Each structure stands twice: as structure tokens, then as C-alpha cells.
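The values are calculated or read from the model by the stated rules, or taken from the named source; none is laboratory data. Values in this document were obtained by computation on a predicted structure and should not be read as measured data. With ideal geometry, Cβ positions are generated from the backbone for all residues, glycine too; neighbour counts draw on all protein chains shown.
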Amino acid sequence: MEAFLSRTPVFLVLLSGVVMATLGLLVLFPAVAALPMMAAMLLWVLAKVPVRYPVLTLLAILLIIDCAVEVPYSGHWSSPVSFIGRLFFINLNVVTGVPGLGFTLIDLAVFGLIALYIYRQAMGLKTDEKMTRLPRPLIMSLLLILATITWMYVWGVARGGDGRPAKWQLQKLLLMPMFVLLFNVSIRGPEDFRLLAKIIVGAAFTKAFLGAFFIVFIARPQGLYTEYATTHSDTMIYVAGLAIALAQWTEEPTWKNFRRMVIIASVILMGMSYNDRRLAYASFDQAVIAMFLISPMTRVKRYVTRACLAMSPLILAYIVIGWANPTGIFSPVNTIKSMIVGEHNDTGEMDYRDVENFNLISTWQRNPLLGTGYGHGFDEVMKLADISHLFEDYLYHPHNSVLGLLAFGGVVGFTGVWLFVALTVYFAVRSYNRTRIPHWRAAAMVVVAIVFAYINQCFGDMGITSWYAMILMALAVTVSGKLGTLTGAWAPVASPTPTERAPLLGSSVQEGAERT
């Protein structure tokens, strides 16, 4: 592409286009007149560098900036990264005022980078180096997502569904394989895992400090009531950051890693506290239990297991007493209770989420095999409070995405979409047991933690439509797949690439090389 752009006729045509576009925008939309020049500079850079650099840069930007579609800070504050968040997460015609730009900057970046990579491969260009391949079953499960959501769209619209909300119902699932493709051609293998960890932890720190600043210096002084500090979906970033710190220490228990874990956990737990999302604690607790069960039986693990068994009567008594009196030292029990028992159940009223779940199950029961298809809202067998003035399409996007997937896709749709989740855990756990290299094993544990957080977000808070849930799950799929190939958890079909010929089980010499 670089050679193509450097040809004189092509260069002159592009230069003329940039000049004309800039002049036109100066007259019609002065606020965005610099965009053509910026786009031309970006095109020049992309023509010269491997695709992995813009993809990893895009990942860092998306995780750090505000997810504008989720109304961070309850709309009371614009942080230093709010405008960039609007540019990426909201349609450009809304942000810029330029008609016809009915897409986000994420859409443009993702499909543009995919097109760039395909062009390079088709032209035989060597700009991008070969990466570790993913196991074929994982690839097939991602293709199955595309086939399933296409069928659900056609099935739903053909039965009288509304195509406008249908495209938003499937948007994140459509982008999931696209992000996996970009991550797969950008992440070389375990040598990039530490870079990914730094990006996630850096994003978690940014969210934690911005959330703390908003609550302490803006919300509290003004007496503002807010249900969260940044956004609901930041739970995914927090859980991933905590899992990274914990897994790194448990797999390589040095004082340096312990100090790093304490620092990272302190900052992220502060952010979780200010963000005040119950799912964050539930997700991390479940991730810790899963990591504990997956890890081998060591002397420390044996002592912990015995201690937990010995203290189980006290723990049970604590929960029973706290369930009846969830205050004071029993406040943590209240968090657990609030996720199981609806807010108004004590007064005889059903909670909004309980009614919504009942309606979703009733909708699924109408057609348990195929569901309603996209473009249909769930049935209000029990009437919900009308929140259309806040969220017009609330019937198409239930809080419980898992039950929603069953209602809209039935058993067939749910299986076709959800299979990749099971395979991601499968390859991560098999890879963990087939290698002794610490940061490979830590990466496998983090994958499991992200999957638990994703499932919780889907079950409790519209995770299937969440940007952060989709991006981090795509990252987990990629890491799990690369570990599966490298450790032999799934034998590669063809001869391995140079990257894939890395040591698998990790002798002491190999482990030492990895640490350096």
C-alpha cells in the first residue's frame, strides 16, 4: 500500500481530495474541517506500520476513555476523556453534526483495519508478521455466532419484527468475531501478554481515579445522587485488573509480585467501592473460587481448604444472622442478599428485575426451540413500569441478556451464540494444566476470570450489549486460543509457525528465559 500511495498520480489525486474536502468542511462544518488532513496523516501511518500497532493502540484508547453510551458520571460531569469517548462510542453524525455519518469511530476503525490487513495479505505484502493461530474449534464457534445472529435476524424480521432495534440487538455479537480477528493478527503470543496486562491495569487505574475524583470532589460537595461513578461495564475492567495482579503473584509468588498485587488491588478496590456495582464483587469472588479450584493442590492450598472447612459452621452462622439483620458487620451479607432477593420482596411486591425475568421466561416458553427472533420485544405477561421515556427500546434489551438470548433465539440461538464461551474456558484450563511457565499460566487464569465477569454481566446487566464486555471477552478468546495452540491443548492442523515452535511445557531453563 505504501508503494501504491507513493505513486505521483495517486498522491496528487489524494492531495486534491484532501484539499477539496477541507475547503468544503470549512464552509459547511468548520468544527470538523481538520478531519480530512488528520485522516490523510493516519492513512499514511497505517500504510507503513504493522496492523498490530494501531490495533493495540485502539484497545488501550477504548478501555481508557469514557464509554459515552452508558452515560458516565450520571451525566453530571465531563471528564478529560469524555469527548474522545463520544467520538468513539456515539455515531459521528450526532457528535459532529455532519449528516450521513451514521456509524461510530469504532466501526470505522475495526472494519478499516480488517480491510487493510486483508489487502496486505491479498497483495502478498510482508508488513505484518505471522502470529500464533487459534484452534479450529474456536474459530468455528466464532463463525457460528455470525451464522446464528444472521438467522435470528432473518427469522425475526420475516415474522414481522422491527429491523431498527434488531440491528442493535445483534451489534456487539457481530463485532465479537471482528475484534477476535484483529486481536489474533496483532497479538504474537505470550510475549505480548505482559503488554496486554499493562493496558488493562492502566485502564483500571484511570477509571478508578476518575471515579474517585467525581464522587469526592463533584458529587458529594454538590449533594448529587449517583448510582455509580463511571459506568456499569467498568466492572469488566476492574475484575480483569484484579485477576491479573492476583494470578501473577499466585503463579510466581515473589515479594516483588506481592507488592505489585497489593498496590494494584488497593487502587482497583477503591474504584470498585466508588463505582458501587454489586456484580463487580460477585464476579471477582467467583473468579477467585474458580482460580482456586483450577490451581494444583499445594501445601498452602491444602491449609486454606482445611481452614475453610473448619470455619464453615461459623461462616454459615454469619450468613444466617446477617440475612436477618444485614447491617453493621453483617453488611457484606446484604450485598449477597440484594442480588438474590428483590428490593421490594419484603413488602410483597415483585422487583422490576424479577418481573422482567418472568416475562423473558414466558416469552421463551412460547417457542423454546427457535425463540422469537431479533426485532421482537419480550412479552409483558406481567406489566412492567414504562421506562420508554428513558430507554425507548427497553423491551428489546432486557437486563438479563442470557434469558433474553433464550427468548429471542431459543435453544438453537442460545447454543449457537454461547458455544464460544464454553470453548474459551476449555482451552484456558487445558492450557493451564499443560504448561509450567508462570505468566502463561497466569494468562489462563485471567481468561477464566474475564469469562466469569462476562457471564455475570450478561446475566445481571445487559452484558451482551456492553462494549467493554464484548472487547474484553474477545481478548480472552484470543489469549485462550493462542495458549491452546502453543501448549498443544489443541493440536495445530498444519506445521507450526516460528512463533508456535516456542517451548511448550517449560523446562527450568525455558522458565528462566521467560522471566528475563
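Checking the condition assigned to a loop (DSSP other than H, G, I, E, B) and at pLDDT below 95, which residue from Val69, Val94, Val98 passes? Explain how you work it out, then say what you get.
On the way: Val69 fails: assigned to a loop (DSSP other than H, G, I, E, B); Val94 fails: assigned to a loop (DSSP other than H, G, I, E, B).
Of Val69, Val94, Val98, the one residue that is assigned to a loop (DSSP other than H, G, I, E, B) and at pLDDT below 95 is Val98.
In the range 373-385, is there at least one residue being in contact with a helix residue (DSSP H, G or I) (Cβ under 8 Å, 6 or more places away or on another chain), on the phi > 0 side of the Ramachandran plot, at pLDDT 90 or above and not charged (D, E, K, R)?
There is at least one residue in the range 373-385 that is in contact with a helix residue (DSSP H, G or I) (Cβ under 8 Å, 6 or more places away or on another chain), on the phi > 0 side of the Ramachandran plot, at pLDDT 90 or above and not charged (D, E, K, R).
Suppose the filter is surrounded by fewer than 22 Cβ atoms within 10 Å (Cβ to Cβ), modelled with pLDDT under 95 and assigned to a helix (DSSP H, G or I); does Arg188 pass it?
Numbers: surrounded by fewer than 22 Cβ atoms within 10 Å (Cβ to Cβ): yes; modelled with pLDDT under 95: yes; assigned to a helix (DSSP H, G or I): no.
So Arg188 fails the test.
For Leu405, state whether it is on the phi < 0 side of the Ramachandran plot, surrounded by 24 or more Cβ atoms within 10 Å (Cβ to Cβ) and part of a helix (DSSP H, G or I).
Numbers: on the phi < 0 side of the Ramachandran plot: yes; surrounded by 24 or more Cβ atoms within 10 Å (Cβ to Cβ): yes; part of a helix (DSSP H, G or I): yes.
So Leu405 fits the description; yes.
Kindly evaluate Arg260 against the criterion of being part of a helix (DSSP H, G or I) and within 21 Å of Ser273 (Cα to Cα). Before you say what the answer is, go through the steps one by one.
Numbers: part of a helix (DSSP H, G or I): yes; within 21 Å of Ser273 (Cα to Cα): yes.
Yes.
When the residues of the range 101-128 are filtered to those that are within 27 Å of the chain's Cα centre (by Cα), free of Cβ contacts under 8 Å to residues at least 40 places away in the same chain and assigned to a loop (DSSP other than H, G, I, E, B), which remaining residue is surrounded by the fewest Cβ atoms within 10 Å (Cβ to Cβ)?
Among those residues, the one meeting the criterion is Gly102.
So, in the range 268-309, exactly how many residues are surrounded by 19 or more Cβ atoms within 10 Å (Cβ to Cβ) and either farther than 18 Å from Tyr432 by Cα or among the charged types (D, E, K, R) (or both)?
Of the residues in the range 268-309, 12 are surrounded by 19 or more Cβ atoms within 10 Å (Cβ to Cβ) and either farther than 18 Å from Tyr432 by Cα or among the charged types (D, E, K, R) (or both).
Among the residues in the range 251-265, are any touching a Gly at 6+ places or on another chain (Cβ under 9 Å), under 30 Å from Ser74 (Cα atoms) and not charged (D, E, K, R)? Even if it seems obvious, please write down each step before you answer.
First pass over the range 251-265, keeping only residues touching a Gly at 6+ places or on another chain (Cβ under 9 Å): 264-265.
Filter once more, keeping what is under 30 Å from Ser74 (Cα atoms): 264-265.
From what's left, not charged (D, E, K, R): 264-265.
Yes, the conditions are met somewhere in the range 251-265.
Does Arg430 fit the bill of being touching a residue at least 40 places away in the same chain (Cβ under 8 Å), assigned to a loop (DSSP other than H, G, I, E, B) and more than 22 Å from Gly160 (Cβ to Cβ)?
When the stated conditions are applied, Arg430 does not pass them.
Restricting the search to the range 146-163, which residues are charged (D, E, K, R) and over 12 Å from Gly377 (Cα atoms)? Even if it seems obvious, please write down each step before you answer.
Taking the range 146-163 first, the residues charged (D, E, K, R) are 159, 162.
If the condition is that a residue be charged (D, E, K, R) and over 12 Å from Gly377 (Cα atoms), then Arg159 is the only one that fits.
Gly241 is checked against (1) surrounded by 13 or more Cβ atoms within 10 Å (Cβ to Cβ); (2) assigned to a loop (DSSP other than H, G, I, E, B) and fails just one. What number does that condition carry?
It is condition (2) that Gly241 fails.
If I ask for residues that are modelled with pLDDT of 95 or more and charged (D, E, K, R), which ones from the range 205-233 would you list?
Listed by number, the list holds a single entry, Lys207.
Looking at the range 74-91, I want the residues that are within 20 Å of Tyr225 (Cβ to Cβ) and have a partner that is basic (Lys, Arg) with Cβ atoms under 7 Å, at least 6 apart or on another chain. Which pairs are those?
none
Given the conditions (1) more than 18 Å from Tyr454 (Cβ to Cβ); (2) surrounded by fewer than 17 Cβ atoms within 10 Å (Cβ to Cβ), report the number of the one that Gly156 does not fulfil.
Only one criterion in (1) more than 18 Å from Tyr454 (Cβ to Cβ); (2) surrounded by fewer than 17 Cβ atoms within 10 Å (Cβ to Cβ) is unmet by Gly156, namely (2).
Just one of the numbered conditions (1) surrounded by fewer than 24 Cβ atoms within 10 Å (Cβ to Cβ); (2) assigned to a helix (DSSP H, G or I) is not true of Gly413; which one?
Failed condition: (1).
Please identify the pairs in which a residue from the range 443-469 that is within 24 Å of Ile65 (Cβ to Cβ) and in contact (Cβ under 8 Å) with a residue 60 or more places away in the chain has its Cβ atom under 8 Å from the Cβ atom of a residue that is among the aromatic types (Phe, Trp, Tyr) and surrounded by fewer than 24 Cβ atoms within 10 Å (Cβ to Cβ), counting only partners at least 6 apart or on another chain.
Pairs that qualify, where the first residue is within 24 Å of Ile65 (Cβ to Cβ) and in contact (Cβ under 8 Å) with a residue 60 or more places away in the chain and the partner is among the aromatic types (Phe, Trp, Tyr) and surrounded by fewer than 24 Cβ atoms within 10 Å (Cβ to Cβ), are Thr465/Trp168; Trp467/Phe89.
Which count do you get for residues in the range 405-421 that are in contact (Cβ under 8 Å) with a residue 60 or more places away in the chain, of a type in the set (A, V, I, L, M) and within 18 Å of Ala158 (Cβ to Cβ)?
Summing the residues that are in contact (Cβ under 8 Å) with a residue 60 or more places away in the chain, of a type in the set (A, V, I, L, M) and within 18 Å of Ala158 (Cβ to Cβ) in the range 405-421 gives 1.
Quick test of your reading of the structure: Arg220 fulfils all but one of (1) on the phi < 0 side of the Ramachandran plot; (2) in contact (Cβ under 8 Å) with a residue 12 or more places away in the chain. Name the failing condition by number.
(2)
Please go through (1) buried (at least 18 other Cβ atoms within 10 Å of the Cβ); (2) outside any helix (DSSP H, G or I) for Leu170 and return the number of the only condition it doesn't satisfy.
(2)
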